[in-house]
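Below you'll find the structure, written out as structure tokens, and then a few comments.
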Amino acid sequence: MTAANFQSWYDFCEQPDNDGQKFHITEGDPGGATVYGWTEAMWVRVAPLHGITDVSLAGFKAQTKDTLMPLSRAQYWNGIQADQMPNGIDVFWTDFQFGSGGATKALQKAIGLQADGIVGMQTLGTLRIEPDKTRLLDTLLVARLAYYDACGFRTRWPGLYRRARVGHDLAQTIAAASAPKPALVTVPKGLT
């Protein structure tokens, strides 16, 4: 559980293969115009909450990775209390939430909770007590891919599946790096 993982997620999220691109419109994308993963509709709703007054199309097009970083932290990372999640889980959950309004409900259901869409004490507690973070991340990946299947994304948006798998690998690496290391025990001579 560390705020430092935000930067790992944001760097991953803003790679060009993960929609980290300047203003663009992808044919058939129901999200419409996008800048670095932010849809114009979401940005127009969220930007004024952070003191941004120019919510015109020109203002949206002018956004950069740097100007969107604090909004991404506030809306997505803080919105699901990622700082309170286990390492790796924070990155994977936030990435799914960033690209989908139904992420939290899908992931809550996957870990056996009532899917209310709110990351609170019950959700955080369930994530923390699971001793096998590798298995937990595998479960979350299966839920994310199933969500995409249910939305009909397999043929329309195959890049989402790649992003989910690569994000899962990143999350596994972060989780493994923060896992407690077994203590070395020295047995005094003569007691073996």
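Restricting region 157-174 to residues that are hydrophobic (A, V, I, L, M, F, W, C) and either in contact with a His (Cβ under 9 Å, 6 or more places away or on another chain) or under 10 Å from residue 88 (Cβ atoms) (or both), the residue that is surrounded by the most Cβ atoms within 10 Å (Cβ to Cβ) is 171.
Any chance you could count how many residues in region 85-144 are among the basic types (Lys, Arg) and closer than 16 Å to residue 73 by Cα?
Filtering region 85-144 down to residues among the basic types (Lys, Arg) leaves 105, 109, 128, 133, 135, 144.
Checking which are closer than 16 Å to residue 73 by Cα leaves us with none.
Residues that pass the stated criteria total 0.
With respect to the conditions (1) hydrophobic (A, V, I, L, M, F, W, C); (2) over 17 Å from the mean Cα position of the chain (by Cα); (3) modelled with pLDDT under 95, residue 160 falls short on a single one, namely (2). Of all residues in region 49-64, those that are more than 14 Å from residue 24 (Cα to Cα) have Cβ atoms under 7 Å from Cβ atoms of residues that are of a type in the set (A, V, I, L, M) and not in a loop (DSSP other than H, G, I, E, B), 6 or more apart or on another chain, in 50/71; 50/74; 55/44; 55/47.
Would a scan of region 77-98 turn up a residue that is more than 11 Å from the chain's Cα centre (by Cα), surrounded by 21 or more Cβ atoms within 10 Å (Cβ to Cβ) and either under 23 Å from residue 164 (Cβ atoms) or at pLDDT below 90 (or both)? Yes.
Among the acidic types (Asp, Glu) and under 21 Å from residue 136 (Cα atoms): does that describe residue 90? Talk me through it step by step, then tell me what you get.
Numbers: among the acidic types (Asp, Glu): yes; under 21 Å from residue 136 (Cα atoms): yes.
Yes, satisfied.
The set of residues in region 1-28 that are among the aliphatic types (A, V, I, L, M) and either in a strand (DSSP E or B) or in contact with an Asp or Glu (Cβ under 6 Å, 6 or more places away or on another chain) (or both) contains only 3. Only one of the numbered conditions (1) modelled with pLDDT under 95; (2) surrounded by fewer than 13 Cβ atoms within 10 Å (Cβ to Cβ); (3) within 22 Å of residue 83 (Cα to Cα) is not met by residue 121, and that is (1). When you scan region 147-154, do you find a residue that is surrounded by 18 or more Cβ atoms within 10 Å (Cβ to Cβ) and not hydroxyl-bearing (Ser, Thr, Tyr), even just one? Checked region 147-154: no residue is surrounded by 18 or more Cβ atoms within 10 Å (Cβ to Cβ) and not hydroxyl-bearing (Ser, Thr, Tyr). The sole residue among 134, 155, 173, 126 that is in a helix (DSSP H, G or I) and closer than 17 Å to residue 80 by Cβ is 126.
The values are calculated or read from the model by the stated rules, or taken from the named source; none is laboratory data. Owing to the predicted nature of the structure, the values given are computational and were not obtained by experimental measurement. Backbone-built Cβ (ideal geometry, glycine too); neighbour counts: all protein chains shown.
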